[in-house]
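Asker: First the structure, which I've put down as structure tokens, then a few questions once you've had a look.
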Amino acid sequence: MSGLLSGLWSNLTKPGIAGALERYKVMAYIVGVGLIILVFVGIPLQYAAGLPQVAHIVGPIHGFLYIAYLVAALDLARRARFTLLQMGAMVGAGFVPFLAFVVERSVAKRVSAVLVEREEATTASGAAERQG
């Protein structure tokens, strides 16, 4: 178990865009699951069954984690040079149930492509320097 945690920690502390992407992905899943629990369990229990405990617990936790998600999203958006519309989609993902998973997948695909392009460019420039 400690190997799993140390592997997760090393991924979350990577520098640059790769680390920002890992942090964003983790926060997107946590906030997405929290929002689903709040909207589909907590709120119905509060209004239909008169049991506000779940909403009173999960609501503030989701709010706090949403702020951490915003920090991770804005860090990734800054590093990957996202447009305002792309940043808006990332921000809105914390408000609409299931949208966090869709946006996370889209962002991960886009950033992974950028990382591959940069890796290829670095490899090509290194090969050109060795030949020259």
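Asker: Out of all the residues in segment 70-124, which are touching a Gly at 6+ places or on another chain (Cβ under 8 Å) and among the polar types (S, T, N, Q)?
Answerer: None - no residue of segment 70-124 is touching a Gly at 6+ places or on another chain (Cβ under 8 Å) and among the polar types (S, T, N, Q), so the list stays empty.
Asker: Now, a different point. Say whether the condition of being touching a residue at least 40 places away in the same chain (Cβ under 8 Å), of a type outside the set (Lys, Arg), in a helix (DSSP H, G or I) and farther than 22 Å from Glu117 by Cβ is met by at least one residue in segment 59-69.
Answerer: Within segment 59-69, the subset touching a residue at least 40 places away in the same chain (Cβ under 8 Å) is 68-69.
Pick out the ones that are also of a type outside the set (Lys, Arg) and you get 68-69.
Next, from what is left, pick out any that are in a helix (DSSP H, G or I): 68-69.
So of that shortlist, the ones also farther than 22 Å from Glu117 by Cβ come out as 68-69.
Within segment 59-69, one or more residues are touching a residue at least 40 places away in the same chain (Cβ under 8 Å), of a type outside the set (Lys, Arg), in a helix (DSSP H, G or I) and farther than 22 Å from Glu117 by Cβ.
Asker: Any idea which of Val96, Val102, Val91, Val116 is among the β-branched types (Val, Ile, Thr), more than 17 Å from Ile36 (Cα to Cα) and at pLDDT 85 or above? Outline the logic, then answer.
Answerer: Values: Val96 fails: more than 17 Å from Ile36 (Cα to Cα); Val102 fails: more than 17 Å from Ile36 (Cα to Cα); Val91 fails: more than 17 Å from Ile36 (Cα to Cα).
Going through Val96, Val102, Val91, Val116 in turn, the sole match is Val116.
Asker: To continue, here is another question. Tell me, which residue of segment 85-100 that is assigned to a helix (DSSP H, G or I) and either more than 11 Å from the chain's Cα centre (by Cα) or β-branched (Val, Ile, Thr) (or both) is surrounded by the fewest Cβ atoms within 10 Å (Cβ to Cβ)? Show your work before the answer.
Answerer: Taking segment 85-100 and keeping what is assigned to a helix (DSSP H, G or I), we get 85-92, 99-100.
Now narrow it down to the ones that are either more than 11 Å from the chain's Cα centre (by Cα) or β-branched (Val, Ile, Thr) (or both): 85-89, 91-92, 99.
Values: Leu85: 8, Gln86: 17, Met87: 15, Gly88: 12, Ala89: 18, Val91: 16, Gly92: 12, Leu99: 17.
Within segment 85-100, the match that is surrounded by the fewest Cβ atoms within 10 Å (Cβ to Cβ) is Leu85.
Asker: Next up: Identify, by number, the condition in (1) in a helix (DSSP H, G or I); (2) crowded, with 16+ Cβ neighbours inside 10 Å that Phe82 doesn't meet.
Answerer: (1)
Asker: Sort out which residues of segment 101-114 are surrounded by 13 or more Cβ atoms within 10 Å (Cβ to Cβ) and under 17 Å from Val26 (Cβ atoms), and write them in order of number. It would help to see each step written out before you state the result.
Answerer: Filtering segment 101-114 down to residues surrounded by 13 or more Cβ atoms within 10 Å (Cβ to Cβ) leaves 101-104, 106-108, 110-112, 114.
Correct list: Phe101, Val102, Val103, Glu104, Ser106, Val107, Ala108, Val111, Ser112.
Asker: Scan segment 46-58 for residues that are more than 28 Å from the chain's Cα centre (by Cα) and either assigned to a helix (DSSP H, G or I) or among the hydrophobic types (A, V, I, L, M, F, W, C) (or both) and jot them down. Before you say what the answer is, go through the steps one by one.
Answerer: If we filter segment 46-58 for residues that are more than 28 Å from the chain's Cα centre (by Cα), which is where we start, we get 46-52.
The answer is Gln46, Tyr47, Ala48, Ala49, Leu51.
The values are calculated or read from the model by the stated rules, or taken from the named source; none is laboratory data. Note that the structure is predicted; figures quoted are calculated from it, not measured. For neighbour counting, all protein chains shown are included, and Cβ atoms are generated from backbone atoms with ideal geometry for every residue, glycine included.
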